[in-house]
1. Pairs only if they're at least six apart or on different chains, beta carbon under 8 angstrom, first in region 16-35 and among the polar types (S, T, N, Q), second in a helix (DSSP H, G or I); list them, first residue then second.
2. Check whether at least one residue in region 154-177 is more than 25 Å from Ser85 (Cβ to Cβ), among the hydroxyl-bearing types (Ser, Thr, Tyr) and open to solvent by 40 Å² or more (accessible area, probe 1.4 Å), and report yes or no.
3. Would you check which residues across region 81-92 are more than 8 Å from the chain's Cα centre (by Cα) and either buried (at least 23 other Cβ atoms within 10 Å of the Cβ) or not in a helix (DSSP H, G or I) (or both) and list them?
4. Can you name the number of the only condition in (1) farther than 26 Å from Gly83 by Cβ; (2) modelled with pLDDT under 90 that Asn14 fails?
5. Scan region 191-204 and give yes if some residue there is open to solvent by less than 30 Å² (accessible area, probe 1.4 Å) and more than 30 Å from Leu138 (Cα to Cα), otherwise no.
6. What pairs come up if the first residue lies in region 179-197 and is under 20 Å from Lys13 (Cβ atoms), the second is in a helix (DSSP H, G or I) and open to solvent by 50 Å² or more (accessible area, probe 1.4 Å), and their beta carbons are under 8 Å apart, counting only those six or more places apart or on different chains?
7. Does Asp51 satisfy the criteria of being charged (D, E, K, R), over 30 Å from Ser137 (Cα atoms) and open to solvent by 50 Å² or more (accessible area, probe 1.4 Å)?
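The values are calculated or read from the model by the stated rules, or taken from the named source; none is laboratory data. As the structure is a computational prediction, the values presented were derived from the model and not from experiment. Every residue, glycine as well, gets a Cβ built from its backbone with ideal geometry; the counts of neighbours run over all protein chains shown. Keep in mind that these areas ignore ligands, DNA and RNA; they rest on the heavy atoms of the full protein, side chains included. Shrake-Rupley method; radii C 1.70, N 1.55, O 1.52, S 1.80 Å.
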Amino acid sequence: MDGLLEFFQYLGKNWDDLLALTYEHILMVIIGMGIALVIGILLGIICTKNDRLASVILAIANLIQVFPSLALLTVLMLFFGLGSSTVVIGLVLYSLLPIIRNTYVGLKEVDESVTQAGEGVGMNTLQLLLKVQLPLSLPFLLAGVRIAMVISIGVAALAPFIGGGGLGKTIYSGINLRDPMQIYSGALIAAILAILADYLLGKAQNRLDKSNA
């Protein structure tokens, strides 16, 4: 009980710093996810056009995913230096696999008769993609975004190890100072962000599933 009271007192005294770190954390994740979405959707579309190329792209994305996150960030640091921009590159790389795979699967799952109907009314390849295939594959894509978002929030907590910001700062500082309150506060807020992102994207995915049913 005393520990819980001490924790809330710590939050009360440091809420402004924690709020700033939370903002940094969210900003890194949003920028990384935005870039990953553009690259991932394009690569997912390319995968649907060429099965041999699809196996290569997915294999490379899988290889990136199995790298330990701290090891990957360290390698990136050697090439891009210290700072949050290097962390964002890491988040992009870690987010690619679920986005590429789910875009690919979603586009493959579009009923061929729907595509043929679009062709029958005179749609070209780009119109079919933008107006028919991508909208119908959105539930699959959103499932990939949901996975990528949760992964990114977790990986972003490692940012301070390569000179980045975010909630990992208070966790890293707490480890160095042996201050459990700092560790708990950073870890708890990061966990809440991940749970909230998963919940909201899950609700959006369910709505899309129902609208496409």
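1. What qualifies is Thr22/Ile189; Thr22/Leu193.
2. no
3. Gly81, Leu82, Gly83, Val87, Val88, Gly90, listed by residue number.
4. (1)
5. no
6. Met181/Glu6; Ile183/Ile175; Gly186/Lys169
7. no
So that you can scan it fast, the table gives a plain yes or no per residue for (1) at positive phi; (2) of a type in the set (Val, Ile, Thr); (3) at pLDDT 90 or above:
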| site | (1), (2), (3) |
| --- | --- |
| Ile171 | no, yes, yes |
| Leu177 | no, no, no |
| Ala191 | no, no, yes |
| Tyr199 | no, no, yes |
| Gln205 | no, no, no |
| Ala213 | no, no, no |
